[in-house]
1. Filter region 45-83 for residues that are closer than 26 Å to residue 21 by Cβ and more than 17 Å from the chain's Cα centre (by Cα) and give the result.
2. Pull out all pairs, ordered by first then second residue, where Cβ-Cβ is under 6 Å, the residues are six or more apart or on different chains, the first lies in region 89-104 and is modelled with pLDDT under 95, and the second is not charged (D, E, K, R).
3. Is there a residue in region 84-96 that is within 18 Å of the chain's Cα centre (by Cα) and open to solvent by 40 Å² or more (accessible area, probe 1.4 Å)?
4. Scan the strands (runs of 3 or more DSSP E) fully inside region 149-250 and keep the ones with 3 or more residues being within 15 Å of the ligand (Cβ to nearest atom), touching a Leu at 6+ places or on another chain (Cβ under 9 Å) and closer than 23 Å to residue 34 by Cα.
5. Regarding residue 76, is this residue touching a residue at least 40 places away in the same chain (Cβ under 8 Å) and part of a helix (DSSP H, G or I)?
6. With the structure loaded, tell me whether residue 125 is surrounded by fewer than 19 Cβ atoms within 10 Å (Cβ to Cβ) and either within 20 Å of residue 174 (Cβ to Cβ) or within 16 Å of the ligand (Cβ to nearest atom) (or both) or whether it fails that test.
7. Can you find, within region 5-37, the residue that is surrounded by the most Cβ atoms within 10 Å (Cβ to Cβ) among those that are part of a loop (DSSP other than H, G, I, E, B) and more than 16 Å from the ligand (Cβ to nearest atom)?
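The values are calculated or read from the model by the stated rules, or taken from the named source; none is laboratory data. Just so you know, these numbers come straight off a predicted model, no measurement behind them. Here Cβ is always computed from backbone atoms with ideal geometry, including for glycine, and neighbour counts include all displayed protein chains. The accessibility values were calculated without ligands, DNA or RNA, using every heavy atom of the protein model including side chains. Shrake-Rupley method; radii C 1.70, N 1.55, O 1.52, S 1.80 Å.
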Amino acid sequence: MIIDTHAHYDDEAFDEDRDALIRGFYDRGIEMVVNIGADMESSRRTILLAEKYDNIYGAIGVHPNETKNLREEDMQWLTAAAAHPKVVAIGEIGLDYYWDEPERETQIKWFVRQLDVARQVKLPVVIHSREAAKDTLDIMKAEKGGEIGGVIHCFSYSVEMAREYLNMGFFLGIGGVATFKNARRLKEVIQYMPMDRMVLETDSPYLTPVPYRGKRNNSGYLPYVVDAVAELKGMSAEDVIAVTRENALRLYHKCDDIRVK
Ligand code: NI
């Protein structure tokens, strides 16, 4: 079955039908989902979701654009909360120069600090990097990100950049963009990368695959991403599902200890 390694079911976009949707995943071929925190509040909500549903795990962390009012106490909370049995990663953290706020120094400061949290609690990181390829890579190298490990979520850079992260041992998150006609650069990356480093993700409610592009996303649409990858790789859909599932469990290694089989 399929594992969705990145979604935001605490988002208000799911307020109407969250429960029915999550309870229906199994019948749609979705085994489990890792819900990703993007600020302190959504990190708390992520833990509540993971406590409520067997098929939800969580990552806690603060997205670069939400770092403005962070305080050191928040880092203490993240560090302590990471011990929760269903918290399997620190994220999403990183740099976003597309939205470019708060100022870059602030984004960088809290990116580095959260890498530190991940190292301390021995969990992988979920990296968000948009239009910040060079700084992200420089920081990851300086901070020895390869020792921490994790995933570059919604990978959007070139083959050359993919090679750098693959060399560091990172997984690359592939989602709805793979189904877009104009996504030439991502399709090149998919063809280039080894299958044992790919994980599937939706980023729900965002980045909905064709043929639902523009509507609200959910994990049940992942088979469209599977088909796009299968075609680019010359593999069967079943094989894409099996290998990305194994990868997801290697990435989020804490899942395996406690997972309901
Ligand atoms: Ni996300």
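1. Result: 48, 51, 52, 53, 54, 81.
2. Listed by first residue and then by second, the contacts come to 99/65.
3. Within region 84-96 (the criterion being within 18 Å of the chain's Cα centre (by Cα) and open to solvent by 40 Å² or more (accessible area, probe 1.4 Å)), the answer is no, since none of the residues qualifies.
4. Working: elements: 150-152, 171-174, 198-200.
Because the criterion is at least 3 residues that are within 15 Å of the ligand (Cβ to nearest atom), touching a Leu at 6+ places or on another chain (Cβ under 9 Å) and closer than 23 Å to residue 34 by Cα, the strands (runs of 3 or more DSSP E) in region 149-250 that meet it are 150-152, 171-174.
5. Numbers: touching a residue at least 40 places away in the same chain (Cβ under 8 Å): no; part of a helix (DSSP H, G or I): yes.
Judged against the criteria, residue 76 is not a match.
6. Working: surrounded by fewer than 19 Cβ atoms within 10 Å (Cβ to Cβ): no; either within 20 Å of residue 174 (Cβ to Cβ) or within 16 Å of the ligand (Cβ to nearest atom) (or both): yes.
Answer is no for this residue.
7. From region 5-37, those part of a loop (DSSP other than H, G, I, E, B) are 8-11, 15-17, 25, 29, 37; that's our starting set.
Pick out the ones that are also more than 16 Å from the ligand (Cβ to nearest atom) and you get 15-17, 25, 29.
Values: 15: 8, 16: 9, 17: 12, 25: 22, 29: 14.
It comes out as 25.
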